[in-house]
Amino acid sequence: MWLGYQGASARPAPLRPINFRLLRPATLSARDNIGSGYVAVPYPPPELELKNKVLGIVEDGNWALFTSSTVAVSDEKPSSRVVLSPNLTTCHQSLSDADVPVYCCPPKPESDEPFIDFKFPDESQPIRVRRPAHLVDKEYIAKYNKALTIMRSLPYDDPRNFIRQANMHCLYCTGAYNQKHSNALLKIHRSWMFFPWHRMMIYFHERIIGSLMGDDTFALPFWNWDAPEGMVIPIMHMNGSFIDPDRDSSHLPPTVTDDNYNHVESGLGPEEQITANVALMYHQMVSGAKKMELFMGCPYKAGENGFCDAPGTIELAPHNTLHTWVGSNLNPEREDMGAFYSAARDPIFYAHHSNIDRLWEVWKGLRGKNQATLIDDPDWLDTYFFFHNEKLQLVRIKIRDVLDITNLRYTYQEVENPWLNARPKPSVPPQMARHMLKMRDNNQNGLLFPSNNLMSDFGPEGRTLDTIIRVRVYRPKTDRTKKEKEEEEEVLLVYGIDVKKDMYAKFDVFVNAVDETTIGPESREFAGTFVNVRRGVKRVMNEGDDVVVKRKTNIKLGISELLEDLEADGDESIWVSLVPRGGTGLNIAVDGVRIEYLR
């Protein structure tokens, strides 16, 4: 038995008939035009599920059998070099952390559709200018609001439908697809896929909205949360079709954003919070992001052996933190924005990621056109995904296609970046701090500092962050020259991070902090943050699959400039503090900390 979508904006909701599987409940509102009844999200018919189970998989370049549903994309020629891409025949249900089924696959497999390869917009088309959300005018808001209303009214089998658009994020961010030529799951967060994939998503979304309103100059706004005047939820997102009821009501305007949100309120006043936000941005964009991998994330490639999990600075914060800050504290996973499977249901998602995209451009400008910003790895450049365009055509688009926004015919309004001149100062004068840290060395028996540990590798079981962990880490190189520092960034690697289940988890990292309980990003001792946002779903394993779905992760924190400011560049060791936040430390374990060098 199949039940079609009732209402264009239908959200997954529970249904009781035995022929349906339960879907995660979600708050419905008048805007969804559904009435008081629940909506069923159709699961694939038995023959499609069976096909997914018996689908031939390619491992290590060896071809296996394929089902007939691959015909639509069969024009792809086998290559000895396998790049990361989705297997469109494998879309499957997932489970939330509470084992509630979630299904965000399209009504029919995209593998049954013909696709075209991406082509740049014609040079005769106008340049779309993305402006700060707090500066757009009433006419712009009214037109955008009308377009969103149209999107919500479209049938669900139209890929331009608002929830279909939102589900693109669910598909690629929760492992709903397997990788092509592998049974490994495909996820685009927490690696160097983060920036280009989201650029693709909002690029097509923007053009769909412009098409619906008949305006080929339409450009998405960006939420300018890295500047004081933009550090509140934009007023435009508090009205009409921009409203999402699933937001934290205590964080609505005029509350200032907490860009380093710890899952608990910071207690800072507006001016203090702005100062902390600006200082965080300096670290995430400047001192902590001097090398490509530190900013972009780790190199994630095809197959099980290509897996990595080490996000870049901006993805960790403010990206992850603001997702959580906006999402509703009344929902189990802080939906909508607080869980990746539901995040794009909130229209503010697109303004949030428009600013993320802008910061990618700003970072490239700061670093200049040199090797620090360039990625010439063909596996990354040729990675591809699929999106529907404004003409309802399925488009295959490669990362190399989206690296120059001039070719994509959009740009950003120039705004001030106040964090550029917000280099933090030490909370304690370095000479005084050195004296107090030596006292810490003399109390290794733990009487004064029970969290001390002189071993920076915590052994096979790791250590749980049920309290602050302080550890002395030895530095292989000291007193490096300016040239050596430019060539190699000193990196603090926190490795083997194990979040016990799919949940929000966070800890901050400090270097040579005398009292890390009283300071944050506004102090030079702050080295970075780790943030785990709920993926919202986990894969339902098919019989016979042997897929590792839970792995440990790492974070790399650039500290060369930090050590200079702390006058610790000549020291043979530094003290590192891991400070759990928001009461989440009991669910985090770490294998160790060490120094590496990154070219």
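The values are calculated or read from the model by the stated rules, or taken from the named source; none is laboratory data. Because the structure is predicted, anything quoted here is derived from the model rather than measured. Cβ: placed from backbone, ideal geometry, glycine included. Neighbour counts: every protein chain shown. To get the accessible areas, we keep the full protein, side chains included, count just its heavy atoms, and leave off ligands, DNA and RNA. Shrake-Rupley method; radii C 1.70, N 1.55, O 1.52, S 1.80 Å.
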> Which whole-Hz ³J(HN,Hα) couplings does the stretch 426-441 yield from phi under the Karplus relation 6.51 cos²θ - 1.76 cosθ + 1.60, θ = phi - 60°, glycine and proline marked x?
Replying inline: x, 6, 10, x, x, 5, 5, 4, 4, 4, 6, 6, 5, 4, 4, 4
> When the chain is fully extended, how far beyond the present Cα-Cα distance does E229 get from D377, taking 0.36 nm per residue of separation?
Replying inline: 49.4 nm
> For D466 and T411 in one chain, what is 0.36 nm times their gap in residues minus the Cα-Cα distance, to one decimal in nm?
Replying inline: 15.2 nm
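If one computes P(r) from the Cα atoms of the stretch 264-370, what percent of pairs lie at distances over 23 Å?
Numbers: 2306 of 5671 pairs.
For the stretch 264-370, the share of Cα pairs beyond 23 Å comes to 41 percent.
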> Taking the Cα centre of the stretch 338-448 as the origin and placing charges on Cβ (Lys, Arg +1; Asp, Glu -1), which of N417, F386, Q431 is farthest toward the positive end of the dipole?
Replying inline: Q431
>> Once R0 is set to 45 Å, what does the formula 1/(1 + (r/R0)^6) return for the Cβ-Cβ distance between K500 and Q431, expressed as a FRET efficiency to the nearest 0.05?
In response: 0.65
> Using Cα pairs under 8 angstrom and six or more residues apart, how large is the relative contact order of the stretch 94-421, in percent?
Replying inline: 27
> Where the centroid of each part is defined by its Cα atoms, how far is the stretch 211-241 from the stretch 570-591 in Å?
Replying inline: 37
> Near L280, within a Cβ-to-Cβ distance under 14 Å, what is the net charge of the other residues, with Lys and Arg +1 and Asp and Glu -1?
Replying inline: -4
> Rounded to the nearest 20 Debye, what is the dipole magnitude of the stretch 257-309 about its Cα centre when Lys and Arg each give +1 and Asp and Glu each give -1 at the C-beta?
Replying inline: 380
> By per-residue mean of other Cβ atoms within 10 Å, what is the highest-first order of 146-154, 341-349?
Replying inline: 341-349, 146-154
> List the lysines whose alpha-carbon lies under 22 Å from that of K552, not counting same-chain residues fewer than 8 positions away?
Replying inline: K187, K301, K500, K501, K506, K538
>> Taking 25 Å as R0, compute the FRET efficiency from the Cβ-Cβ separation of R396 and S211 and round it to 0.05.
In response: 0.80
> Near the amide H of R423, under 5 Å away, which other amide H atoms are found, from residues 5 or more places off or on another chain, if H is placed in the peptide plane?
Replying inline: none
> Is the stretch 94-421 rounded, prolate or oblate when judged by the Cα gyration tensor, a ≥ b ≥ c being the square roots of its eigenvalues, rounded requiring a/c under 1.5 and prolate requiring a/b larger than b/c?
Replying inline: rounded
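Round to the nearest 0.05 the FRET efficiency obtained for E596 and K146 when R0 = 56 Å and r is the Cβ-Cβ distance.
Details: r = 52 Å, r/R0 = 0.93.
According to the calculation, E is roughly 0.60.
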> Using modelled amide H (1.01 Å from N, peptide plane; none on Pro or chain starts), what sits under 5 Å from the amide H of A527, excluding residues fewer than 5 places away?
Replying inline: V509, F510, V511
>> Please list D515, D246 from largest to smallest accessible area, probe radius 1.4 Å, with all protein chains kept in place.
In response: D515, D246
> What percent antiparallel are the DSSP beta bridges of the stretch 94-421, to the nearest 5?
Replying inline: 55
> Using mean Cβ contacts within 10 Å as the protection proxy, how do 402-414, 174-186 order, highest first?
Replying inline: 174-186, 402-414
>> If each residue of separation counts as 0.36 nm, what is the full-extension length gain between E123 and K552 once their alpha-carbon separation is subtracted?
In response: 149.9 nm
